[in-house]
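> Handing you this structure, nothing more for now.
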Amino acid sequence: MTIVNQEIVQEKVQLTKSDINKSFFRWLFFSHSCYNYERLQGMGVAHAMAPIIEKLYKSKEDRKSALDRSMSFFNCEPTFAAMIHGFTIAVEEKKANGEDIPDETINAFKTSLMGPLSGMGDSLLQGLLAVVLLSIGIDLAMEGNIMGPIIFLVGTAVPVWVLTYIFYHKGYSLGTTAIESMLSNRKIEKITNAAGIAGLAVIGAMAATRVNLSTKIVFNFGESTVVMQEVLNKFIPNLLPLGTVMLCWFLLNKKWSPVKIIIGLFVGGAIGSILGIF
Amino acid sequence: MLLQAILISLWAFFITSTFAAGIGFFVLMKPLVSGTVVGLILGDVQTGMMIGATINLINLGYISVGGAVPTDLTFAGVIGTALAILSGVSPEVALTLAIPLGMIGTAAWFTRMTADSFFVHKAEKYAAEGNVKGVAFMNLVPGQVIVFLFYAIPTFLAVYFGPSAVEGILKFLPWWAIQALMVVGGMLPALGIAILLKYMASKTLTPFFFIGFFLATYMELDVIAIAVLFGCVGYLSMNVNMGESDEARKEAA
């Protein structure tokens with residue numbers, strides 16, 4: 001967008017903040033409207049770009065190729081994906097104003113950012129924020145405290161909305177290089193690690209409090225009886241819940257499917273219960 | 001009962017549809033939230049919330065990657081909670097009830113994602129004509145019809161006709177079987193936790209899981225305290241070389 005360009009291109013189209021907002025709302029609501037195996041969020045991207053395409057391109061041919069570009073395969077954590085869309089909008093705006101940017105460049109850029117942004121979004125939002133707030137929420141809810149679901153609802157919804165909005169506008173105002181430097185491997189690794197520390201400690205606590213398994217085994221030695229669970233409680237309370245989690249983890253690492261493990265738990269738990277072990 | 005069944009099926013539609021403002025999948029579909037609302041509709045928020053929270057335990061590790069889902073949260077959370085409240089079972093039994101529902105629900109999810117693939121081709125025709133509104137329409141409307149057909153209607157049928165079937169089965173079940181279901185219900189959250197562990201644990205970070213476990217076991221700290229404590233530890237870790245791979249350290253040097 002140089003002054004030279006402005007002189008050459010007579011009808012210069014300038015996007016306004018409200019155009020970006022229109023696209024933001026469409027992405028927020030409709031990213032997964034037509035979620036499908038073929039393009040995943042591709043249709044959602046096209047929908048989000050619709051107001052931008054209508055404003056930037058007037059001819060049928062231009063609109064057709066712009067729609068093709070935006071409808072291509074896309075799959076990314078939706079909140080962080082906002083940054084990609086913001087940036088794509090900036091690129092489309094340049095393209096509409098006469099800059100020569102090939103379609104492949106735009107698509108290559110989108111595709112290359114999907115992975116790292118998903119990684120960051122999944123570990124921060126799905127891995128850390130949702131898991132920690134969900135654990136707290138479940139904990140409170142099971143004690144009958146209505147704040148449980150409310151804390152989770154507000155604590156997750158507000159960041160999703162606010163971040164998607166900020167990323168949309170940030171993406172538009174940032175350049176590719178800025179986004180790429182933000183996504184340097186080292187930084188992602190550090191953020192993922194920090195998220196992992198808090199997330200793991202919380203699910204450790206959940207393993208202790210929310211898995212229930214105790215043994216009913218009682219040994220009789222003549223006059224004296226030994227209640228197995230009391231022995232365990234002196235040693236490591238919650239040993240059986242921890243053991244169950246470790247067993248599931250082990251089986252998952254052995255490539256057992258969750259369904260297979262569920263069936264295993266059903267069979268093991270039921271037989272144990274019927275035999276009087278649990 | 002008819003009105004309540006309709007409201008619950010509309011709730012199932014809303015959280016699964018695109019109209020949930022981007023928080024359907026992340027927030028509203030979680031049984032903790034969806035079950036509480038089902039409880040509200042059925043006039044027992046407290047029970048709905050506790051059952052929803054219990055069902056949510058096994059889905060703690062619910063992370064969708066690339067559209068593959070291990071279980072359907074709408075079926076498990078909404079139908080599961082409704083059936084449990086209406087037939088008066090304990091949360092543990094509700095959990096064992098919700099699991100098969102969630103598995104059945106994956107069929108609805110699969111149908112939705114397959115049907116949506118067809119709409120892409122219709123949208124491509126509009127794209128070829130440069131018809132922007134047509135593409136937007138194909139993204140928005142047909143998918144929601146599918147959600148209505150495969151989520152709202154099954155939910156209505158299950159909530160309206162299901163409870164008597166569940167009650168019948170429960171009456172038929174002997175005590176030892178119900179007890180076994182409760183033992184299994186207590187164990188199942190372990191899987192949800194294990195799925196998260198597999199996703200998050202790395203060699204350097206795994207000890208934090210055990211630290212969390214032992215702090216909760218011996219010091220009886222609750223989850224909020226542990227979350228705050230280790231949120232701070234995580235933040236501090238960003239400024240030290242904790243948990244970094246050797247390559248990253250070399251890169252830094």
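The values are calculated or read from the model by the stated rules, or taken from the named source; none is laboratory data. Fair warning: this is a prediction, and the values are worked out from it, not measured in the lab. Cβ coordinates were reconstructed from backbone atoms using ideal geometry, including for glycine residues, and neighbour counts include every protein chain displayed.
> Among A:163, A:174, which is the only one that is surrounded by fewer than 20 Cβ atoms within 10 Å (Cβ to Cβ), under 19 Å from residue A:125 (Cα atoms), more than 7 Å from chain B (Cβ to nearest Cβ) and under 23 Å from the mean Cα position of the chain (by Cα)?
From the options A:163, A:174, the qualifying one is A:163.
> Suppose we filter segment B:203-237 for residues that are more than 7 Å from chain A (Cβ to nearest Cβ) and small (Gly, Ala, Ser); how many remain?
1
> Could you tell me which of the residues B:170, B:95, B:149, B:196 is within 22 Å of the chain's Cα centre (by Cα) and more than 25 Å from residue A:245 (Cα to Cα)?
B:149
> Now for a different question. From the list A:121, A:44, which residue is of a type in the set (Gly, Ala, Ser), touching a Cys at 6+ places or on another chain (Cβ under 8 Å), at pLDDT below 90 and buried (at least 20 other Cβ atoms within 10 Å of the Cβ)?
One residue alone meets the criteria, A:121.
> All but one of (1) modelled with pLDDT of 85 or more; (2) surrounded by 19 or more Cβ atoms within 10 Å (Cβ to Cβ); (3) among the hydroxyl-bearing types (Ser, Thr, Tyr) hold for residue A:214; which doesn't?
It is condition (2) that residue A:214 fails.
> Now a separate question. Residue pairs, Cβ under 9 Å, 6 or more apart or interchain, first in segment A:243-270 and surrounded by fewer than 14 Cβ atoms within 10 Å (Cβ to Cβ), second among the small types (Gly, Ala, Ser) and not in a loop (DSSP other than H, G, I, E, B). List them.
As it stands, the answer is A:250/B:194, since those pairs meet every condition given.
> Further question on the same structure: For segment B:120-133, what are the residues that are under 33 Å from the mean Cα position of the chain (by Cα) and of a type in the set (Gly, Ala, Ser)?
B:123
> May I ask you to list pairs of residues, at least six apart or on different chains, whose Cβ atoms are under 6 Å apart, with the first in segment A:31-48 being at the interface with another protein chain (Cβ under 7 Å from one of its Cβ atoms) and part of a strand (DSSP E or B) and the second being among the hydroxyl-bearing types (Ser, Thr, Tyr) and surrounded by fewer than 24 Cβ atoms within 10 Å (Cβ to Cβ)?
A:36/B:117
> Quick one: which of B:116, B:72, B:44 is of a type in the set (D, E, K, R), at pLDDT below 95 and touching a strand residue (DSSP E or B) at 6+ places or on another chain (Cβ under 7 Å)?
So the residue among B:116, B:72, B:44 that is of a type in the set (D, E, K, R), at pLDDT below 95 and touching a strand residue (DSSP E or B) at 6+ places or on another chain (Cβ under 7 Å) is B:116.
> Here's something else I'd like to know. Among the residues of segment A:218-249, how many are at the interface with chain B (Cβ under 8 Å from one of its Cβ atoms) and either assigned to a strand (DSSP E or B) or acidic (Asp, Glu) (or both)?
0
Matching residues to (1) outside the structural domain of residue B:87 (by TED's automatic domain parsing); (2) in contact with a Leu (Cβ under 8 Å, 6 or more places away or on another chain); (3) not hydrophobic (A, V, I, L, M, F, W, C):
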site	(1), (2), (3)
B:6	no, no, no
B:19	no, no, no
B:24	no, no, yes
B:34	no, yes, yes
B:38	no, no, no
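> So is residue A:19 touching a Pro at 6+ places or on another chain (Cβ under 8 Å), farther than 30 Å from residue A:192 by Cβ and more than 11 Å from chain B (Cβ to nearest Cβ) or not?
Considered against the rule, which asks whether it is touching a Pro at 6+ places or on another chain (Cβ under 8 Å), farther than 30 Å from residue A:192 by Cβ and more than 11 Å from chain B (Cβ to nearest Cβ), residue A:19 comes out as yes.
> Now a separate question. Consider residue A:100 carefully, then state whether it is surrounded by 20 or more Cβ atoms within 10 Å (Cβ to Cβ) and of a type in the set (D, E, K, R).
Spelling it out, it is not the case that residue A:100 is surrounded by 20 or more Cβ atoms within 10 Å (Cβ to Cβ) and of a type in the set (D, E, K, R).
> Assess whether residue A:160 counts as being within 30 Å of residue B:103 (Cα to Cα), assigned by TED's automatic domain parsing to the domain that holds residue A:110 and in a helix (DSSP H, G or I).
yes
> It is to be established whether one or more residues within segment A:145-157 are more than 21 Å from residue B:15 (Cβ to Cβ) and at the interface with chain B (Cβ under 9 Å from one of its Cβ atoms).
Looking through segment A:145-157, at least one residue is more than 21 Å from residue B:15 (Cβ to Cβ) and at the interface with chain B (Cβ under 9 Å from one of its Cβ atoms).
> If you don't mind, there's one more thing I want to ask. Does any residue of segment A:94-113 turn out to be within 22 Å of residue A:160 (Cβ to Cβ) and among the β-branched types (Val, Ile, Thr)?
no
> Can you tell me how many residues within segment A:249-278 are under 19 Å from residue B:180 (Cβ atoms) and hydrophobic (A, V, I, L, M, F, W, C)?
Matching residues across segment A:249-278 total 12.
> Tell me, yes or no, whether segment A:91-110 has at least one residue that is free of Cβ contacts under 8 Å to residues at least 60 places away in the same chain, within 8 Å of chain B (Cβ to nearest Cβ) and among the polar types (S, T, N, Q).
Checking segment A:91-110: not a single residue is free of Cβ contacts under 8 Å to residues at least 60 places away in the same chain, within 8 Å of chain B (Cβ to nearest Cβ) and among the polar types (S, T, N, Q).
> What is the number of the single condition among (1) more than 7 Å from every other protein chain (Cβ to nearest Cβ); (2) more than 30 Å from residue A:52 (Cβ to Cβ); (3) among the β-branched types (Val, Ile, Thr); (4) assigned to a helix (DSSP H, G or I) that residue B:145 does not meet?
(2)
> Moving on. Among the residues of segment A:250-276 satisfying the criterion of being more than 9 Å from chain B (Cβ to nearest Cβ) and under 20 Å from residue A:228 (Cβ atoms), which is modelled with the highest pLDDT?
A:275
> Now a separate question. If a residue counts only when it is within 13 Å of chain A (Cβ to nearest Cβ) and under 17 Å from residue A:262 (Cα atoms), which helices (runs of 4 or more DSSP H) contained entirely in segment B:1-110 have at least 2 such residues?
Those helices (runs of 4 or more DSSP H) span B:45-58.
> Could you pull out the residue among A:123, A:72 that is in the same structural domain as residue A:196 (by TED's automatic domain parsing), part of a helix (DSSP H, G or I), farther than 18 Å from residue A:25 by Cα and small (Gly, Ala, Ser)?
Step by step, each of A:123, A:72 is checked, and only A:123 is in the same structural domain as residue A:196 (by TED's automatic domain parsing), part of a helix (DSSP H, G or I), farther than 18 Å from residue A:25 by Cα and small (Gly, Ala, Ser).
> Same structure, new question: I'd like to check something: does segment B:153-173 contain any residue that is at pLDDT below 85, more than 7 Å from chain A (Cβ to nearest Cβ) and not in a helix (DSSP H, G or I)?
Scanning segment B:153-173, I find at least one residue that is at pLDDT below 85, more than 7 Å from chain A (Cβ to nearest Cβ) and not in a helix (DSSP H, G or I), so the answer is yes.
Residue-wise test of (1) closer than 26 Å to residue B:145 by Cβ; (2) part of a helix (DSSP H, G or I); (3) modelled with pLDDT of 85 or more.
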{"site": "A:1", "(1), (2), (3)": "no, no, no"}
{"site": "A:12", "(1), (2), (3)": "no, no, no"}
{"site": "A:29", "(1), (2), (3)": "yes, yes, yes"}
{"site": "A:52", "(1), (2), (3)": "no, yes, yes"}
{"site": "A:61", "(1), (2), (3)": "no, yes, yes"}
{"site": "A:67", "(1), (2), (3)": "yes, yes, yes"}
{"site": "A:79", "(1), (2), (3)": "no, yes, yes"}
{"site": "A:109", "(1), (2), (3)": "no, yes, no"}
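> Just one of B:9, B:64, B:17 is surrounded by fewer than 24 Cβ atoms within 10 Å (Cβ to Cβ), modelled with pLDDT of 90 or more and among the hydroxyl-bearing types (Ser, Thr, Tyr); which is it?
After applying the criteria, what remains is B:17.
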